[in-house]
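The values are calculated or read from the model by the stated rules, or taken from the named source; none is laboratory data. The model shown is predicted, which means the values in this text are computed figures rather than measured ones. Methodologically, a virtual Cβ is constructed for each residue, glycine included, from the backbone with ideal geometry; neighbour enumeration extends over all protein chains shown. Surface areas here come from the heavy atoms of the whole protein model, side chains and all, with no ligands, DNA or RNA. Shrake-Rupley method; radii C 1.70, N 1.55, O 1.52, S 1.80 Å.
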Amino acid sequence: MDKFLICGLGNPGDEYQGTRHNTGFMVLDAFAKVSNIHFEDKRYGYIAEMTVKGRKIFLLKPTTFMNLSGNAVRYWLQKENIAQYRLLVISDDIALPLGAFRLKASGNSGGHNGLGHIQQLIGQDYARLRIGIGNDYPKGSQVEWVLGKYSADDLKTLQTSIDMACEIINSFVLAGIDTTMNQFNKLGKK
């Protein structure tokens, strides 16, 4: 059976819930909800499992905190013997406007600490879905921005991207990265 690891980046703990940096967690929570599956607290992260058309999907929300996300990703890839090209990492991105998204088959971290740690441990050859959180913050306030909570209006804007990200996960698993990029990237521009 083909196996896939879908990792949403974020920080564990109530104080980080609803923050821009936890956008990856928000996507996986939405995907788990529509799939009627639940997360369990396991080694290095919260894990949910499901099977779709003969493919086993592992959803991972690392509990290692953002800057050490690579530890969780590497562990679960190895534990479940999942090929790296079947990994999709979902993260926030300040370089994209709120609600925009971009799917890539590989690439650099773009300054994102979570992606940077994953790259440090396994390289850059894995798919990533970046979801825009905007960058409407004063100079020198990037940390406060990414760790700040979404407003109600921002969440309304973001919801469309979260719904689209759930479709992207399904397409990635069933159709592959190239087809999924061709189908969805044009929809992610704001």
Kirkwood hydrodynamic radius (C-alpha pairs) into Stokes-Einstein, the range 6-45, 37 °C and 0.692 mPa s, D in µm²/s: 307 µm²/s
Per residue accessible area in Å² of the range 1-128, where ligands, DNA and RNA are left out and the probe is 1.4 Å: 44 Å²
Selection from Ala72, Val146, Ile133 lying farthest towards where the dipole of the chain points positive, charges on Cβ: Ala72
Antiparallel %, DSSP beta bridges [both residues in the chain], to 5: 50 percent
Largest-first principal axis extents, alpha carbons of the range 79-190, Å: 42, 29, 23
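Could you sort 89-96, 141-148, 154-161, 65-72 so that the peptide with the highest average Cβ count within 10 Å comes first and the rest follow in order? List each step's numbers first, then the result.
Numbers: 89-96: 23.0, 141-148: 14.0, 154-161: 16.2, 65-72: 20.8.
The most tightly packed comes first, giving 89-96, 65-72, 154-161, 141-148.
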Sparse-neighbourhood loop sites, trypsin sites (Lys or Arg not before Pro) in the range 43-107 - DSSP loop, at most 14 other Cβ within 10 angstrom: Arg43, Lys53
The range 110-150: radius of gyration and largest Cα-Cα distance (Dmax), Å: 12.6, 34
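Compute, for the chain, the length of the dipole vector about the Cα centre, with Cβ point charges of +1 (Lys, Arg) and -1 (Asp, Glu) only. Units Debye, rounded to 20. Write out the running numbers ahead of the final one.
Details: 22 positive and 18 negative charges, 98 e Å.
The calculated dipole for the chain is roughly 460 debye.
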The range 1-88 - Rg over Rh from alpha carbon coordinates, Kirkwood radius: 0.95
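Probe radius 1.4 Å, ligands and nucleic acids ignored: give me the carbon and sulfur share of the accessible area of the chain as a rounded percent. Each step should come with its number before you reach the end.
Values: 4300 of 9100 Å².
So the carbon and sulfur contribution to the accessible surface is 47 percent.
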17 Å Cα-Cα reach of Lys42 towards lysines, excluding residues that sit fewer than 8 places from it in its own chain: Lys61, Lys79
Set of aspartates and glutamates near Lys104 by C-alpha distance (under 15 Å), chain-local residues within fewer than 8 positions excluded: Asp92, Asp93, Asp125, Asp178
Three semi-axes of the equivalent ellipsoid, the range 47-132, Cα gyration tensor, whole Å, largest first: 21, 16, 12
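More than 24 Å apart: what percent of Cα pairs in the chain qualify?
Numbers: 5497 of 17955 pairs.
Counting every Cα pair in the chain, those more than 24 Å apart make up 31 percent.
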